[in-house]
Amino acid sequence: MLPQKLAEEAIVSNFSETEHEGKEQEKEEDHSMFSVKTFLWHGGSAWDAWFSCASNQVAQVLLTLPYSFSQLGTFSGVLLQIFYGLLGSWTAYLISVLYVEYRSRKEKENVSFKNHIIQWFEVLDGLLGPYWKAVGLAFNCTYLLFASVIQLIACASNIYYNNDNLDKRTWTYIFGACCATTVFIPSFYNYRIWSFLGLGMTTYTAWYLAIASIIHGQTENVQHSAPTKLVLYFTGATNILYTFGGHAVTVEIMHAMWKPQKFKYIYLMATLYVFTLTIPSAVCVYWAFGDELLNHANALALLPKTRFRDAAVILMLIHQFITFGFVCTPLYFVWEKVIGMHDTRSICLRALARLPVVIPIWFLAIIFPFFGPINSAVGALSVSFTVYIIPSLAHMLTYRKASARQNAAEKPPFFLPSWTAMYVFNSFIVVWVLVVGFGFGGWASVTNFLRQVDTFGLFAKCYQCKSPAPPAPAAAMQH
């Protein structure tokens, strides 16, 4: 236990110093007991991390889960949510362990991270070498890039249900400009109020979907035929795999904490709360509309227009803007490090340097406006590795030697105290996700994605929009 305690003390000491500096600054700014700026802007507690993790998990994907249930069926949908939610919590725990291990080793080398934000690929580099750094960087950046694209597509898709005077592509242009303002948020340390508001907004939307579906009742001749095809089944399964894949920002959230060693079980606690949102809403919407959802990736499309639905749309728009910042911020950090601007103190200079990151995201959202299918494709081809396979393999390789296990900064958890048991479980995750998630899921999601491209084409002006009214007959017009 001695190495673990020393590691924790070393990490805490560095963050305690930062926290102390923040408190001193707060005293200078406001001599009262309450500082508005500190309350809204400076968030490094365990609660802040919990809100960030929970808020980041349930953005636009909440609206696509009923679509997944129409492909999977209710039983498989609920079962896979619980299964992938728990697997995701476990691999988030592994990432937190590896982060603490990396920090403890660097602390012994007197490395300072005062003006440097640690990222996942740097943890892999420090523990396993440059090849792992390259792999981690490639998969993480791919996932974050398309996750940002998905948020932008979702913004356009949602606002269209409140205002269809403009097509979805035009709304994408508008929201691309709006989301570009996230370049001004320095780091996850400054997301306190946004995380809190984002989770509150998603909570409203989730329970609106459930209650509105129950009040609406089942549509006439509703059918619940899923599962019917393997392609659809594995497409839905990989969308759920994607749902619990917020790990690409886990290290950045940990680094923003005053005491990052407290993160160990935060992701699990966040996931348990997310279950109370995703399961009831998906079950109720699928119960009400059944197979109709196969042609409506966004659940809001089927609910009648009311002030409650309009409120849900607006709240989800704001949350998707917040989530865009969540998933794009690590990309900003990578770009800053590439161009040598990461340690710049000026917010305006950093914001200007970050703008080139937004442009390709904006462009891809216009090319591929396929809301549900792109979730599944990203889940199978990127999230499978970023969230499940790489953390499991990295943990096994980091502690493959007896000396590494003996001097580990974090020992195995109380509920799985054996290193052998951890190796067995991690191996199961690697094999399962490689075969089911990446293999079958990749085949199904790419097939479905290409089908959408064939049907709607690239640069689709209004994906899954209502059909325009037919023109009036010439005779009627003359009359």
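Would you call Leu145 closer than 24 Å to Pro186 by Cβ and open to solvent by 30 Å² or more (accessible area, probe 1.4 Å)? Yes, satisfied. Against the numbered list (1) at pLDDT below 90; (2) assigned to a helix (DSSP H, G or I); (3) open to solvent by 50 Å² or more (accessible area, probe 1.4 Å), Lys133 comes up short only at (1). Please indicate, with yes or no, whether at least one residue in the stretch 201-220 is under 20 Å from the mean Cα position of the chain (by Cα), modelled with pLDDT under 90, part of a helix (DSSP H, G or I) and not hydrophobic (A, V, I, L, M, F, W, C). Within the stretch 201-220, not a single residue is under 20 Å from the mean Cα position of the chain (by Cα), modelled with pLDDT under 90, part of a helix (DSSP H, G or I) and not hydrophobic (A, V, I, L, M, F, W, C).
In this structure, does Asp164 turn out to be among the acidic types (Asp, Glu), surrounded by fewer than 24 Cβ atoms within 10 Å (Cβ to Cβ) and over 18 Å from Pro330 (Cα atoms)? Yes; evaluated as a whole, the condition is true for this residue. Residue pairs whose Cβ atoms lie under 7 Å apart, separated by 6 or more positions or on different chains, with the first residue in the stretch 416-442 and under 30 Å from Ser403 (Cα atoms) and the second loosely packed, with under 12 Cβ neighbours inside 10 Å and among the hydroxyl-bearing types (Ser, Thr, Tyr), do not occur.
The C-beta contact set for the stretch 101-117 (first residue acidic (Asp, Glu), second residue surrounded by 19 or more Cβ atoms within 10 Å (Cβ to Cβ), distance under 7 angstrom, 6+ apart or interchain) comprises Glu101/Leu127; Glu101/Thr398; Glu101/Ala408; Glu101/Ala409; Glu101/Glu410; Glu107/Ile11. Among the residues making up the stretch 108-166, those that are touching a Ser or Thr at 6+ places or on another chain (Cβ under 8 Å) and among the polar types (S, T, N, Q) are Asn140, Thr142, Gln151.
Given the options Ile174, Ile185, name the one that is in contact with a helix residue (DSSP H, G or I) (Cβ under 7 Å, 6 or more places away or on another chain), open to solvent by 10 Å² or more (accessible area, probe 1.4 Å) and of a type outside the set (Gly, Ala, Ser). Before the answer, list the steps.
Details: Ile174 fails: in contact with a helix residue (DSSP H, G or I) (Cβ under 7 Å, 6 or more places away or on another chain).
So the residue among Ile174, Ile185 that is in contact with a helix residue (DSSP H, G or I) (Cβ under 7 Å, 6 or more places away or on another chain), open to solvent by 10 Å² or more (accessible area, probe 1.4 Å) and of a type outside the set (Gly, Ala, Ser) is Ile185.
Number of residues in the stretch 306-330 that are of a type outside the set (D, E, K, R) and open to solvent by 30 Å² or more (accessible area, probe 1.4 Å): the value is 7.
For Leu303, work out the one condition from (1) among the aliphatic types (A, V, I, L, M); (2) open to solvent by 30 Å² or more (accessible area, probe 1.4 Å); (3) farther than 30 Å from Glu122 by Cβ; (4) touching a helix residue (DSSP H, G or I) at 6+ places or on another chain (Cβ under 6 Å) it doesn't fulfil. Single failed check for Leu303: (2).
Tell me, please, whether a residue that is in a helix (DSSP H, G or I), more than 25 Å from the chain's Cα centre (by Cα) and crowded, with 18+ Cβ neighbours inside 10 Å can be found in the stretch 239-254. Explain how you work it out, then say what you get.
Of the residues in the stretch 239-254, the ones in a helix (DSSP H, G or I) are 239-243, 246-254.
Next cut, more than 25 Å from the chain's Cα centre (by Cα) only: none.
No - not one qualifying residue is present in the stretch 239-254.
The values are calculated or read from the model by the stated rules, or taken from the named source; none is laboratory data. Note that the coordinates shown come from a computational prediction; the quantities given were computed from them, not determined experimentally. Here Cβ is always computed from backbone atoms with ideal geometry, including for glycine, and neighbour counts include all displayed protein chains. These area figures cover heavy atoms from the full protein model, side chains too; ligands, DNA and RNA do not enter into them. Shrake-Rupley method; radii C 1.70, N 1.55, O 1.52, S 1.80 Å.
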